[in-house]
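To start, the structure under review is shown below, and the notes come after it.
The values are calculated or read from the model by the stated rules, or taken from the named source; none is laboratory data. Quick caveat, the model's predicted, so the values are computed rather than measured. Glycine gets a Cβ as well: all are built from the backbone with ideal geometry, and neighbour counts include every protein chain shown. Heavy atoms of the whole protein, side chains included, go into the accessibility calculation; ligands, DNA and RNA do not. Shrake-Rupley method; radii C 1.70, N 1.55, O 1.52, S 1.80 Å.
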Amino acid sequence: MPASETELDANWCHIRETLTMLQLSTAQIRSSMKDGDASISELSNTLGAISDHALELREKLDSATDEALQHAETISHEVQKGIVACQFHDRVTQRLDHVTDALQHLGDLISSPTEYANPDNWLKLQDEIRNSYTMDSERIMFEHIMMGASVDEALEIYQHHFDSAPDDNSGDEIELF
């Protein structure tokens with residue numbers, strides 16, 4: 001027999017519901033990352049092999065026509081673009097990994113009434129999250145949100161910062177293998 005609405009209300013808890021949603025979000029992100037990693041790994045390996053073959057072909061075409069050499073160069077260039085795209089996926093995966101770790105830590109904190117009521121535990125969580133970041137873009141986003149910026153404002157600041165920043169050692173660059 002189904003529980004009455006009064007019984008459901010008595011058993012309902014916003015913290016338990018929040019934890020359930022955090023766990024669901026974490027599971028969905030992690031499963032998506034796992035699915036994508038297998039495909040990207042295969043694609044990266046394939047592009048590396050094609051690049052190696054293009055280099056061998058170019059070496060063997062030393063006495064060939066300029067047109068054949070140009071085709072070998074084009075193949076090599078296009079493969080390098082594919083490798084950069086794979087590395088972009090790696091950056092996205094790193095970010096999503098940081099998100100799932102933060103969600104897990106947040107869930108751990110709010111699941112304990114004695115822990116979540118202590119402001120020091122929240123500061124510790126924020127420090128752990130801040131220290132886990134490896135890319136400047138993550139740090140900038142974190143700092144602005146912690147200072148009270150809305151998501152839209154933080155994204156605008158992030159976009160402005162990286163649109164105007166020179167290509168330097170920001171921690172967000174993509175390197176070729």
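Listing for the model above:
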{"read-out": "Ranking by accessible area, most exposed first, for Met141, Met33 with a 1.4 Å probe", "value": "Met141, Met33"}
{"read-out": "Those residues of segment 91-133 whose amide nitrogen sits under 17 Å from the label point placed on Asp35, 7 Å along Cα→Cβ", "value": "93, 96-97"}
{"read-out": "Sequence of Cys86, Cys13 from largest to smallest accessible area, 1.4 Å probe", "value": "Cys13, Cys86"}
{"read-out": "Rg and Dmax [Cα atoms of segment 22-128; Å; Rg one decimal, Dmax integer]", "value": "23.1, 77"}
{"read-out": "Thr114 accessible area, assembled protein chains, probe 1.4 Å, Å²", "value": "110 Å²"}
{"read-out": "Calculated on alpha-carbon atoms, Rg and Dmax of segment 100-169 in Å", "value": "14.5, 47"}
{"read-out": "Segment 28-72: translational diffusion in µm²/s, Stokes-Einstein, Kirkwood Rh over Cα pairs, 25 °C, 0.890 mPa s", "value": "195 µm²/s"}
